[in-house]
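The values are calculated or read from the model by the stated rules, or taken from the named source; none is laboratory data. Values in this document were obtained by computation on a predicted structure and should not be read as measured data. We place every Cβ from the backbone using ideal geometry, glycine too, and count neighbours over all the protein chains shown.
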Amino acid sequence: MQITPLNQLRGQHLEATLGEACIFSNVNFNLENGQLLQVLGPNGAGKTSLLRLICGLLPPTQGQVLWGDAPIESQREIYHQEMTFIGHKAGMRETLSAVENLQMDCALTGGNSEAAIESALQQLGLLQAATILVRQLSAGQRRRLALCRLLLGTAVLWVLDEPFSNLDKDASTLLHGFIEQHVQQGGMVILTCHHDLDFPHLPIEYLRLE
Amino acid sequence: MWQFLHKYGSPKIFYFTAGRWFRWLALPSLCFLLIGLVGGLAFVPEDYYQGEGFRIIYIHAPSAFLAMGIYSMMAISAVIFLVWRIKVAAMWICASAPIGAWFSFLALFTGAIWGKPMWGTWWIWDARLTSALILFFLYLGFIALQSAITDRQVGDKASAILVLIGVVNLPIIHYSVIWWNTLHQGPTISRLQKPAMDPSMVYPLYGMIIGLFLFYFCIAMLRIRCEILKREGRSRWVEDLVREKMARYRL
Amino acid sequence: MALYKLFHYELLTAKRSLHECLYPIMVFGLIVTLFPLSVSTDPKTLSMIAPGVVWVGVLLACLLSMDRLFREDWESGFLDRMLLSSQSLSVLILIKLLAHWVVLGLPLILVAPLLGLFLHLTYQAELALVVSLLLGTPILMLIGAMGVALTLGLRNQGLLLMILVIPFFIPVLIFGSSAVGSANQQLSVTGQYGFLAGLLLLSLCFVPWTIAGILRIGVAN
Amino acid sequence: MMANTITNFFHMGGYGIYIWISYAMGLLVIALNLLLPLWQHQKLIKTISKKIQQQRDVHETYS
C-alpha cells in the first residue's frame with residue numbers, strides 16, 4: 001500500500017447544527033500522516049455528526065475542513081479517492097452476496113482486483129460466507145464485511161465510526177492490528193470509540209467534544 | 001454591495017428594518033388599493049359586451065398577476081439564498097409562499113365567479129385559469145414540503161431548490177396548457193385575456209396591481225418578523241427585545 | 001468499465017427481488033380496468049377516453065414505484081457510500097435511474113398496448129402509445145426521482161411526493177395523451193413526439209445534477 | 001335621482017351578486033393576510049415571554 005507524500009487534514013472552527021440545536025461549535029483539529037485521532041465525548045455530543053462533517057456528508061454551518069490546503073467541497077473526487085468512511089450502518093446491499101457487495105465497492109471507488117477481495121474476505125474469516133446473501137449474515141459478520149472495505153482501497157485516511165461495536169474478540173484484535181499497521185505505514189485514522197484504546201507505541205491525539 | 005447584503009443579511013438587523021419598511025409602505029399601498037377599487041367600481045363606464053360584469057377583472061387579473069409575480073420573486077430570492085447563503089432570503093421565501101397561495105386562490109375564486117354570469121358555468125377550462133390552478137398546486141406543494149421538513153437548515157435549501165425546479169417548469173406548463181387549450185377549446189376568444197380596454201378603464205387596473213404588490217411587500221415584512229422570532233427564539237437579542245416589551249407592556 | 005459493473009449490479013439487485021417489478025404493472029392494470037366499470041363500456045366513449053386513462057395509469061404506476069428508488073440505500077447506508085465514491089455523483093444517479101427505468105419502466109411499456117386493447121384503441125394509437133411512453137416514462141422517472149430526493153426520510157413520503165411532483169408531470173401528460181388521441185383519429189403525431197423528446201433531453205441533462213445537489217445538502221442525515 | 005343611482009350601483013345591471021361576492025372575497029383575503037401575521041407575531045411574543053418567565057422562576061427557586 002503505497003503512501004502518497006505529506007497529507008494533512010485540518011478542521012478550522014467547525015460548527016454543526018441539527019434542527020434547532022447547535023451540536024458543537026469552534027472545533028479545531030489537525031491530522032498528519034502517521035497519526036491517530038480519537039474523538040471522545042458523551043453520547044449525543046455530536047461525534048457521529050463530526051465524522052460525517054469531516055467526510056463531507058454533512059455541510060458545516062460554520063468553518064471548513066481542509067484536505068491539503070483546499071476545502072474538501074472544492075476537491076470532492078480527489079478527497080474521496082483518498083478516504084474511506086465506515087459508519088454505524090454497514091452500507092451493504094441486502095439482496096447481494098458479500099463478494100458482489102465488495103465488487104460493487106471496487107466499482108464505486110474505481111479500484112478493481114479480484115485478488116484483493118479474496119484476501120480481504122480471507123483475512124476477516126468471511127471466505128465461507130462469501131456467497132451467502134448479506135440478508136442472511138449476522139450483525140457481526142456484516143460488521144466484518146464493512147471492515148473488508150478498509151483493506152480493499154488505497155485510501156490514506158480512514159474515518160471509522162465506532163468500529164469496535166458488536167465485534168467479537170478476535171475480530172477486534174484483527175481490526176486493532178489493521179489500524180496499527182495502517183498508521184505505522186503513514187496512514188491517518190480518525191475513529192470514535194467508547195472504551196479507551198491501548199496503542200502502546202502510536203501517537204494518539206484526543207479530540208474532546210462536550 | 002457585498003457589505004450591504006451581509007449587513008442586512010443578519011436577522012437581528014433585518015427584524016427592525018422590516019418593521020420600518022412595513023410602516024413606511026403601508027400607507028401608499030392602501031391608497032393605491034383604494035384608487036383601484038373605487039375607480040374600478042364606480043367611475044369606469046360599463047363594458048360593451050359584458051356590461052357591469054367585467055368589473056370583476058379588477059380583482060381577478062391583478063391577483064393572478066401578483067401570484068405569478070410572487071413566485072418569480074421567490075425564485076430570485078432562492079438563487080440569492082443558494083448562491084450567497086443569506087438567511088434572510090430563505091425567510092423571504094417561506095414568508096411569501098402563503099401570500100402567493102392566498103392570492104392565487106383569490107384569482108381562481110374570482111375567475112370561477114366571473115364564469116357564471118358570462119358563460120353560465122362555474123368553472124371553464126380556460127388556459128389562464130388552468131395555469132393559475134396549477135400555480136396554486138405548486139404553492140400548496142411548496143408549503144407542504146416547507147412544513148414537512150423539521151430541520152430548518154435542510155428545509156430552507158430543499159425548498160429553495162424546489163422553487164427553482166418550479167420556476168424552470170412554470171413556462172413549460174404554461175405553454176403546454178395554452179397549446180392544450182387551443183387543441184380542445186377551439187379558437188374561441190378567451191374573454192379572460194385582458195380584453196382590449198380603452199385608457200379610461202385601464203388606470204384602476206394598474207392602480208390595483210401596484211397596490212397589491214405594495215401590499216404583498218408589507219405583508220411579507222410582517223411575516224418575516226414572525227419567521228425571525230420563530231427561528232431566533234432562543235438567541236439573546238430576542239429575549240432582551242421581549243423583556244423590554246414585557247416591561248413596557250406592564251407599565 | 002466500472003460504470004458498466006455498477007449498472008450490472010443494480011440490475012442484479014433488482015433481479016434478486018424480481019417479483020417487486022410486477023407491482024407497477026398490477027397497479028397500472030387495476031387503474032385501467034376501473035374506468036370501463038365506472039364510465040361506460042360502449043367502444044366509442046372508451047376509445048375517446050382511452051389515451052388519458054392509459055397515460056394517467058402509467059403516471060400513477062411510475063409514481064408509486066418511485067418510492068423504492070432511494071429508500072433501501074438510504075436505510076442501509078449505501079447512499080452514504082454513493083455520496084463518498086470517487087465517481088461523480090450525477091453519473092451514479094443516472095445509472096441508478098437507468099436501471100430503475102429498465103426494471104420498472106419497460107414492463108409498463110410492454111403491458112400498455114395490451115391494456116390499450118381493453119379500451120378499443122386502434123392500431124396506430126397503440127403504436128403511438130408505445131412510442132410516447134418510450135419517450136415519456138423516462139421523464140416521469142427523472143422528475144419523480146427529484147421529488148424522492150427532496151422528500152427522503154420524511155414522514156408520509158409517498159403522499160408528499162405526489163403533491164410535489166404531479167404538477168411537473170402535466171406537460172408530459174398533455175403531450176403524451178394528445179399523441180395517442182390524435183393517432184387514434186389518424187392525425188399526424190410528430191409534433192407531440194418532438195416536444196416529448198425535447199422534454200426528455202432537457203430533463204436528462206439537468207435532473208441528475210439537481211438530484212446530486214439535493215442529496216449533497218444533507219437531506220439524507 | 002340619488003336613490004336609484006345607489007340601488008343600480010348595487011344592482012350592477014343584474015350582475016351585482018357576482019361582483020359583490022368576488023369583491024367581498026378580495027377584501028376578506030386582504031384582511032386575513034393582514035391580521036394573521038399580526039396575530040401570529042403577538043402569539044410568538046407571548047410564548048417567548050412565558051418562557052422567560054419560567055426561566056426567571058426556576059432561577060429564583062434555585063438561587
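Do we have any residue at all in the range A:108-129 that's within 28 Å of C:L6 (Cβ to Cβ), among the polar types (S, T, N, Q), buried (at least 17 other Cβ atoms within 10 Å of the Cβ) and in contact (Cβ under 8 Å) with a residue 12 or more places away in the chain?
Within the range A:108-129, one or more residues are within 28 Å of C:L6 (Cβ to Cβ), among the polar types (S, T, N, Q), buried (at least 17 other Cβ atoms within 10 Å of the Cβ) and in contact (Cβ under 8 Å) with a residue 12 or more places away in the chain.
Would you say B:G155 is more than 7 Å from chain C (Cβ to nearest Cβ) and at pLDDT 80 or above?
Yes; evaluated as a whole, the condition is true for this residue.
Of the residues C:S38, C:S17, which single one is in contact with a Ser or Thr (Cβ under 9 Å, 6 or more places away or on another chain), more than 23 Å from C:G147 (Cα to Cα) and surrounded by fewer than 18 Cβ atoms within 10 Å (Cβ to Cβ)?
Answer to the selection: C:S17.
Only one of these conditions is not met by C:T210: (1) at positive phi; (2) of a type in the set (S, T, N, Q); (3) touching a residue at least 60 places away in the same chain (Cβ under 8 Å). Which number is it?
(1)
Working only within the range A:38-75, note down all residues that are closer than 12 Å to A:F24 by Cβ, part of a loop (DSSP other than H, G, I, E, B) and under 16 Å from the mean Cα position of the chain (by Cα).
A:L58
Would you please name the residue that is nearest to B:A132 (Cα to Cα), looking only at residues in the range B:65-87 that are of a type in the set (A, V, I, L, M), more than 12 Å from every other protein chain (Cβ to nearest Cβ) and surrounded by fewer than 24 Cβ atoms within 10 Å (Cβ to Cβ)?
It comes out as B:M68.
Condition first: in contact with a Leu (Cβ under 7 Å, 6 or more places away or on another chain) and of a type in the set (S, T, Y). Can you find one or more residues in the range C:2-15 that meet it?
yes
Could you look through the range B:165-183, keep only residues that are at the interface with chain C (Cβ under 8 Å from one of its Cβ atoms) and among the hydrophobic types (A, V, I, L, M, F, W, C), and pick out the one that is farthest from B:M74 (Cα to Cα)?
B:L183
Right, D:I21: loosely packed, with under 12 Cβ neighbours inside 10 Å and either at pLDDT 90 or above or assigned to a helix (DSSP H, G or I) (or both) or not?
No.
Give the range A:83-124 a look and list any residue that's of a type outside the set (A, V, I, L, M, F, W, C), more than 9 Å from chain C (Cβ to nearest Cβ) and in contact with a strand residue (DSSP E or B) (Cβ under 8 Å, 6 or more places away or on another chain), or say none.
A:S97, the sole residue that qualifies.
With respect to A:Q103, is the statement that it is free of Cβ contacts under 8 Å to residues at least 24 places away in the same chain and polar (S, T, N, Q) true?
Criteria met by A:Q103.
Which ranges mark the helices (runs of 4 or more DSSP H) fully within the range C:85-203 that have 3 or more residues being within 12 Å of another protein chain (Cβ to nearest Cβ) and either more than 24 Å from C:M26 (Cα to Cα) or in contact (Cβ under 8 Å) with a residue 24 or more places away in the chain (or both)?
Because the criterion is at least 3 residues that are within 12 Å of another protein chain (Cβ to nearest Cβ) and either more than 24 Å from C:M26 (Cα to Cα) or in contact (Cβ under 8 Å) with a residue 24 or more places away in the chain (or both), the helices (runs of 4 or more DSSP H) in the range C:85-203 that meet it are C:89-100, C:123-150, C:157-184.
Any idea which of (1) small (G, A, S); (2) surrounded by 12 or more Cβ atoms within 10 Å (Cβ to Cβ); (3) modelled with pLDDT of 90 or more is the one D:A31 doesn't satisfy?
With respect to (1) small (G, A, S); (2) surrounded by 12 or more Cβ atoms within 10 Å (Cβ to Cβ); (3) modelled with pLDDT of 90 or more, D:A31 is out only on (2).
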